[in-house]
Amino acid sequence: MTKIKIKESKASTSIPTANPENLKKQHRKKKRKILWKNKVKHVGKKKEDTKAMRVLPPKAPQEFSSNWKTLQELLKQKATSFDKSLPVTQTYSKNHTSKKENVKGIPAISGGGKMGKFKSVNKMDCDPAQTSVPLATLKSERTATDKNSTEGKGNSKEHKKRKNSDIEKEQADIKHKRRKSEEHMEQHLEADIWFDDVDPDDIEAAIGPEAAKVARRKMGIEDKPQLSVEQVLVKEKAFAGLTKAVAMDCEMVGVGPQGEDSILARVSIVNQFGKCIYDKHVKPTEKVTDYRTAVSGIRPKDLKKGEEFKSVQKEVADILKGRILVGHAVHNDLKILFLDHPKKKIRDTQRYKPFRKEVKSGRPSLKLLCEKLLNVKVQTSEHCSIQDAQAAMRLYTLVKKQWEANINAKSKRKCVA
């Protein structure tokens, strides 16, 4: 008998139903595919949701609509008006909470422009396309704020006017009090001055000008008119030539590096009555680096017209020969002229001891001595050698008798010894 071979179908061999392991593997693969698809879908949905949720602020100028700008202005005005209405304690908390929380009190507006219910709106979530504010309300609010600001300015002006009036009243009261105190002082002085038959000039020299005024009033003498500097220092209709005593003053200019060294620029000599008898500028022997105009009063044009140093030196020496030389710190003037003079015939107002005691200064300036003793102001601006010489001579003549008597007494003591 022949064996019959049965052909197996290809389908039966390809389907792995018989193996349970193959079934498990196929089931796992299907699960993985489903899970992967679900994950991809879920992630895609999340990305779409986040894109939809994010509303970025507009960057291009076209995106800024008129409604967006008006909404911002309205928010600012509402916030400022609400802060003004609250007390101080509430405004502080409101300022801090308004940054984090939603802004309340903004009307929701429909597409037709009608006002709806009030609802909370977040500043960051506002869409420029969805929100719209009527312009009429904004204009009315602006006019109201402008009126308030003008009223505030008017009040501040009134407050300033009141302050100014108060200050003026205070100043007027102070002036009135000063007048009263001056009148009281004058009455007090009049009560203190009781002596009669005394020259008011002597009272002025001893006590002061105020006491002299009171004495003149009691005696029925008119007050002396205030004299000028020249009237005090120079005697009118007096002898204009050489006298036994002469006063000298020199002006210097600077030479050398930074003008530290000095050379002679001008010499002035006056007689006993303050009349000028010699005044000449001197040509510089070196290059002038500092004219010292603020003090010396010397300018380049003055030195161009000057004379030679040697001729000026000789003329001054001839004038001083055998005469009393008066000056203020006169040793500096003699040094710059390269001249000597006997010490017995020098009268230096800076070294006179009674002047030092009266002014309370070891080395008093000419300006100080004139103010205190002569009641005259000199050297107020540029110095003048003529005026300085006149001031020194006037100080000397003021105490001439006493000064000369002291010198004579000293010389007699030396002779006896």
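The values are calculated or read from the model by the stated rules, or taken from the named source; none is laboratory data. This is a predicted model, so every value here is computed, not measured. Reconstructed Cβ throughout: ideal geometry from the backbone, glycine too, with neighbour counts over all protein chains shown.
For this structure, a couple of remarks:
- For R347: the one exception among (1) part of a helix (DSSP H, G or I); (2) touching a strand residue (DSSP E or B) at 6+ places or on another chain (Cβ under 7 Å); (3) modelled with pLDDT of 95 or more: (1)
- Residues of segment 338-350 include at least one that is acidic (D, E) and loosely packed, with under 14 Cβ neighbours inside 10 Å.
- Matching residues in segment 287-321 - criterion: being within 38 Å of the chain's Cα centre (by Cα), among the aliphatic types (A, V, I, L, M) and surrounded by fewer than 16 Cβ atoms within 10 Å (Cβ to Cβ): A294, V295
- Of all residues making up segment 264-280, the number that are surrounded by 17 or more Cβ atoms within 10 Å (Cβ to Cβ) and under 22 Å from H331 (Cβ atoms): 10
Each row is one residue, and each column tells you yes or no for (1) at pLDDT 90 or above; (2) surrounded by 10 or more Cβ atoms within 10 Å (Cβ to Cβ); (3) on the phi > 0 side of the Ramachandran plot; (4) within 43 Å of the chain's Cα centre (by Cα).
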residue: T380; (1), (2), (3), (4): no, no, no, yes
residue: R394; (1), (2), (3), (4): yes, yes, no, yes
residue: L398; (1), (2), (3), (4): yes, yes, no, no
residue: E404; (1), (2), (3), (4): yes, yes, no, no
residue: R413; (1), (2), (3), (4): no, no, no, no
residue: V416; (1), (2), (3), (4): no, no, no, no
